[in-house]
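Novice: Attaching a single structure in structure tokens format; questions to follow.
The values are calculated or read from the model by the stated rules, or taken from the named source; none is laboratory data. The model shown is predicted, which means the values in this text are computed figures rather than measured ones. Cβ placement follows ideal geometry from the backbone for every residue including glycine, while neighbour counts extend to all protein chains displayed. The protein model used for the area step is the full one, side chains on, heavy atoms only, and it has no ligands, DNA or RNA in it. Shrake-Rupley method; radii C 1.70, N 1.55, O 1.52, S 1.80 Å.
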Amino acid sequence: MLRQQTGFFTPNEAYFAQYKVTIVRDKIPKEPHRILEFGCGIGGNIPYLRKAFRSAEIMGSDVSALSLEVARNENPGIYFWQEGDVAAMPQEGFDLILVTGVFHHIPPLERIAVAKLLFTRLLPGGWVFVFEHNPYNPVTRHIVNNCPYDEGVVLLRPSELQELLRQGGLEVEEQKFSLFFPQRLKLVLPLERYLGWLPLGGQYWVLARRPPTSSSVSS
């Protein structure tokens, strides 16, 4: 379904995974030791995280048991667990948590709780990198409105996502727009790094951090 919806942009949906992980790699100033992809789905981003952060221990979590079954088969050696399974969840914290296209699937009234959950899973000084669909982009809105697995979702404005993360106890460090040009326009793709201020990209990202000396946040 994703390939059908975004075929005009790229013939290979893996492009989106590599694109996001490249941004994360460029923006994280310190090599993380432990990385979690929260809401990893079938694990499409995991191979690129492994390649970008070769020395890091990488894990994934999701609410879908069926998706995690696929992720395990496609990514041997990576530890995955189902959200809600407290016994399976690692006790140690993470230096980096990646969240791609997850928040708009979370009911609005539950989003602050998820932001607080991310805070608790980060080590002090750790980063959370969140990618979301850009509600200001008419093409993005058309894709979301016509995609079966996006039925009923509520997109977040960048300011809303930033405020959610702040209410979760995190410090927002940067926000940019992304995905401006189709993959086939290779000659202009390098220009994207200069267009992060322009609210026309197909998606946007927010980089936030747990304060180095922070205590736990109240539920």
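Novice: For the chain, what does the relative contact order come out to in percent, with C-alpha contacts under 8 Å and a separation of six or more?
Specialist: Reported relative contact order: 20 percent.
Novice: For the range 120-178 and the range 25-41, write down the distance between their C-alpha centroids in whole Å.
Specialist: Centre-to-centre distance over Cα atoms comes out at 16 Å.
Novice: Can I ask one more? Over the chain, give the accessible area per residue in Å² for a 1.4 Å probe, as an integer.
Specialist: I get 52 Å² per residue for this part.
Novice: Filter 27/116; 20/51; 27/176; 30/51 down to the pairs with a C-alpha to C-alpha distance above 19 Å, please.
Specialist: With Cα atoms farther than 19 Å apart: 27/116.
Novice: Grab the beta carbon distance between residue 65 and residue 112, set R0 = 25 Å, and tell me the FRET efficiency rounded to 0.05.
Specialist: E between residue 65 and residue 112, to the nearest 0.05, is 0.45.
Novice: Still on this structure, I have one more. In nm, what is the difference between 0.36 nm times the number of residues separating residue 147 and residue 105 and their Cα-Cα distance?
Specialist: 13.9 nm
Novice: For residue 213 and residue 163, compute 0.36 nm times the residue count separating them, minus their Cα-Cα distance, and round to one decimal in nm.
Specialist: Here the segment from residue 213 to residue 163 would lengthen by 15.9 nm.
Novice: Output the antiparallel fraction of DSSP beta bridges having both residues in the chain, as a percent to the nearest 5.
Specialist: Roughly 45 percent of the beta bridges in the chain run antiparallel, per DSSP.
Novice: Carbon and sulfur: what percent of the chain's accessible surface (1.4 Å probe)?
Specialist: Solvent-exposed carbon and sulfur of the chain make up 55 percent of the total.
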